[in-house]
Amino acid sequence: LSQGGFLTRRDAKDFIRELDAQIVTGGYLDPRRGQITLADFAEQWIDAHPGKRRTVAGYRSHLRTHLLAPAVIPADDTRPARTINLAPMAVNELRPSTIRLWLRALQAKTHEGQSLSPATIAQARRTLHCCLNAAVTDGLNTINPVDAANLPKSGAGANERRACTAAEY
């Protein structure tokens, strides 16, 4: 590698040309801007949120109990249990795979001995989606990683329909 980190002078010129094009078209994001943690950005987002008081209170509740609190990903046949904490992660480092792990951890989470309902998990996901949409709008990230992270199925055959028996018919 040359001193600048490119194999050839042509590679370096191509990189500069691509960067210039991104700047001209408005597609360039300074990677340093997205280094804000999710916890800090979520606090700014919720403080500036123009929604109704009840909506904002719901968002705050989800932030406190689900988004910014550590969650345990349960052990399986190949891995031990592990903890995922989105709060200290930089906004521009969140990936769909990270969001999927977090959603999986929420499925295993309990509150006062009860598993979280699919509706609660969906609401927490929507809150994170809204927060990260604001990050995209603010130029901290190019995409919202929640868009590519669908809710995991609630169990085997969660969306399958059961045929009724002759007696039920």
Pair-distance profile P(r), taking every C-alpha pair of segment 29-95, with 10 angstrom steps and integer %:
19, 38, 29, 12, 2
If I model a spin label as a point 7 Å beyond the Cα along the Cα-Cβ vector, how far apart are those points for A167 and T137 in nm?
5.6 nm
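Test of understanding: what is the full-extension gain from L19 to R126, defined as 0.36 nm times their sequence separation minus their Cα-Cα distance? Provide the component values of the computation, followed by the final result.
Details: separation 107, 0.36 × 107 = 38.52 nm, distance 3.33 nm.
Value of the extension gain: 35.2 nm.
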Through the Karplus equation 6.51 cos²θ - 1.76 cosθ + 1.60, θ set to phi - 60°, convert the phi angles of segment 129-141 into ³J(HN,Hα) values in whole Hz; use x for Gly and Pro.
4, 4, 4, 6, 5, 5, 5, 5, 4, 7, x, 8, 8
Kindly rank 39-46, 72-79 from highest to lowest mean number of other beta carbons found within 10 Å of each residue.
39-46, 72-79
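Evaluate E = 1/(1 + (r/R0)^6) for R79 and N150, where r is the Cβ-Cβ distance and R0 equals 30 Å; express this FRET efficiency to the nearest 0.05.
0.90
By per-residue mean of other Cβ atoms within 10 Å, what is the highest-first order of 95-107, 51-63, 115-127?
On the way: 95-107: 18.2, 51-63: 14.2, 115-127: 16.3.
Ranking, from highest mean packing down: 95-107, 115-127, 51-63.
Quote to one decimal, in nm, the extra length available between Q44 and A108 on full extension: 0.36 nm per residue of separation minus the C-alpha distance between them.
Contour length minus Cα-Cα distance gives 20.1 nm.
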Residues with amide H under 5 Å from that of I73, placed H, sequence gap 5 or more:
R82, T83, I84
Any residue on another chain or 5+ positions along whose placed amide H is under 5 Å from the amide H of L94 is listed here as none
Given labels modelled 7 Å from the Cα in the Cβ direction, how far is it in nm from E93 to S117?
3.6 nm
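A short reminder: the numbers here are calculations on the coordinates, not readings from a lab. Just so you know, these numbers come straight off a predicted model, no measurement behind them. Cβ: placed from backbone, ideal geometry, glycine included. Neighbour counts: every protein chain shown.
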